[in-house]
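First the structure, in the form of structure tokens, and then the observations on it.
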Amino acid sequence: MNAIVNAAAGTLGASVSDQVDWASKTYLVVDDFIGVRQLLRESLRSLGARTIDQASSGGEAMGLLNKTRYDVVLCDFNLGEGKNGQQVLEEARMRNLLLPSSVFLMVSAEKSVESVMGAAEHQPDAYLVKPITEGVLLTRLNRVWRKKQVFGLIDQAYAEKDYLRAARLCDEQIAVNKAHEIDLLRMKARLMEKSGEPAKARETYERVLAQREYQWARSGLAKIRMADGEFEQARQMFQTVIAENRYYIDAYDQLAQAWQHMGKHEEALNVLERAAKLSPNSVPRQRNLGQACLKLGNVGMAEKAFRKCIAIGEYSIRKTPDAYLGLARVCGLKNDPKEALQLLIAAQREFGADHPDMELRTKITEGLVYHESGDYRRARKAGDELEALLQATPERPDVPTCLEMATLLFAVGVKEAPVDLLCYVIRNNHDNTLLQDEVQQIFEKARMGEEGEKLIRGARKEAIDLMNQGVLLWKTGKLAEAVEWMRNARTALPHNVRILFNSAQILISHMQQRGYSAELHEEAHKVLTHVDHLQPGQQRFAQLMEQLLGLAPKAEEPAQGAPAGEVAAA
């Protein structure tokens, strides 16, 4: 257990002799017991702290984090009813409510593997076990604060998605901060992966491993192997990492992916089940376990995972409709359409306002529930209603939803609408051969194999011709026409990554040749952000983002010696 706590703490062994001006910092103390809040407040006051806010619940903490960017947050893990400390940290990270230089300390009397693992997954800067002495608090704050100042500008570049600049900043810091070399190399390797530079990431991991056998570096090399299609080698490496540290939870998730890529879905399920037992309070992991079980027809385990996912996700920012829809499918397979429909109503009520495609997704699941429980008349009715929804809404959902909808529509006897959906999917992914194979399988299941092949070829050609025309305009110097053409192409195919990249490239070229434009800069930034959301880790994304950010007028340089937090906030 001590090994887990130490790993979560992230201590760097720095001396505490260098004094930090703790009096000038802002603090937030979060605990549901007033006595504990007072004790922590007094401990901070003994360090010189003056500005200390307090919250008695996770909800109150989020309200304060929305208003103020604190330098230091001390948050209890167990906060009674509502969000726990893990969920506060999770949401604060995802919503960027903490500055790159902010310190988040998780405080708890909990020593269980489940609690520590859950908190550590969301990267608190330290995990402190009660009771906490002033000496321990000061030592940990000093260590973490120094590290934050080293990483402040790197984190800011990362937040701006300028991964190549962030990697260069890592090299600069390595040259002057040998004490933090390993942590900086870890960040650099991660940045090289985000920049689509696996060879450079591999070099960095190997540089680390030449000094010491770090499991995260070994796991990083395994991820690169997996990305290169070397699934068996990756599997062996992940299993070695787990054998050396059974609490290295990320290796379980990656190992499950390796098994899935190899077509070994039972093995993948076994790994996910082990991971969920070790760290059961992860909403995404319970959801993935449920979906893996559903795919294999393990209805009992799928039900258990989806119900757990709904329960632990009640106050989590990672709460999604997937567990509700998955559990509804389970109920359909158990021939319990009544509960399935209740779950669909609950999903619509919970998520309808924030998910514009919620009505579509619940209607698809409703149709599948009826079809799987043998009520083909109601399944056909749901299919007819889906057709009407498609005609009324020009926007198309994501790829998995499109494939699921096409499968249902074919199953209930509809032809034209699912064909249009599948062709739309191909046009937006014209160079994704694996997806094309999946679409072809849907056509074959609908007894349209030969026709499907022709439709796929035609959809691919349409996308390629659309893209090539815009590139031709650009290459022949017709920049304004190329910009406009690619805008129309993005409207027609909003999720085609190659069209999006070419559109961003043309916008950048326009500014390079004809001068900076704030409107074009914003447009290009939105396009690249959309690409990074669709397919993160693309080399071209990092290169284009660096070019784009280099075009913007330079902001006024911060005053010499300004704290990292102030620079980040400017």
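Rule-based calculations on the coordinates, nothing more; no lab input. Here the structure is a predicted model, which means the values were calculated and not measured. Counting neighbours? That spans all protein chains shown, and the Cβs are built from the backbone with ideal geometry, glycine included.
Quick notes on this one:
- Spin-label model distance (nm) - I345 vs F33, 7 Å beyond Cα toward Cβ: 4.3 nm
- Count Lys and Arg as plus one, Asp and Glu as minus one, and take only other residues whose Cβ is under 12 Å from that of H533; the net charge is then 0.
- A crude spin-label estimate for the pair V136 and R447, with each label 7 Å from Cα along the Cβ direction, gives 7.1 nm.
- Gain on full stretching of the segment that runs from R93 to Y214 - 0.36 nm per residue minus C-alpha separation: 41.0 nm
- Angle of helix 134-159 to the longest C-alpha principal axis of the chain, folded into 0 to 90 degrees and rounded to 10: 40°.
- For the set K194/K415; K223/K454; K295/K415; K223/K277; K295/K381; K454/K475, the pairs lying more than 29 angstrom apart at their alpha carbons are K194/K415; K223/K454; K454/K475.
- Cβ crowding within 10 Å ranks H533, H180 as H533, H180, fewest other Cβ atoms first.
- Extension reserve of the Q236-E395 stretch, reckoned as 0.36 nm per residue once the Cα distance is removed: 53.0 nm
- Efficiency of FRET between R307 and E519 - r from beta-carbon atoms, R0 56 angstrom, step 0.05: 0.70
- Measuring nothing but how far apart in sequence close Cα pairs (under 8 Å, 6+ apart) lie, relative to its length, the chain scores a relative contact order of 10 percent.
- Among V399, V136, the order by Cβ neighbours within 10 angstrom, fewest to most, reads V136, V399.
- Residues with amide H under 5 Å from that of L128, placed H, sequence gap 5 or more: M106, V107, S108
- Given the choices (i) 75, 63, 45; (ii) 78, 53, 49; (iii) 76, 54, 43, Cα extents along the principal axes in Å derived from the coordinates of this structure is entry (i).
- Of K83/K130; K188/K526; K178/K554, those spanning more than 28 Å from alpha-carbon to alpha-carbon: K178/K554
- For a paramagnetic label modelled on A159 (point 7 Å from Cα along Cα→Cβ), amide N atoms under 12 Å away belong, within region 53-92, to 69-71.
- Only helical runs count toward this figure. For the chain, summing -39,500 (n - 2.57) over DSSP H runs of n ≥ 4 and dividing by all residues gives -22000 deg cm²/dmol at 222 nm.
- Potential lengthening between D250 and Q149 on full extension [0.36 nm per residue; Cα-Cα distance subtracted]: 33.7 nm
- For D465, net neighbour charge (Lys/Arg +1, Asp/Glu -1) across residues whose Cβ lies under 15 Å away: +3
- In terms of surrounding Cβ atoms within a 10 Å radius of their Cβ, L325, L278 rank from fewest to most as L278, L325.
- With respect to the chain, whose longest principal axis is taken over its alpha-carbon atoms, helix 265-278 is tilted by about 30°.
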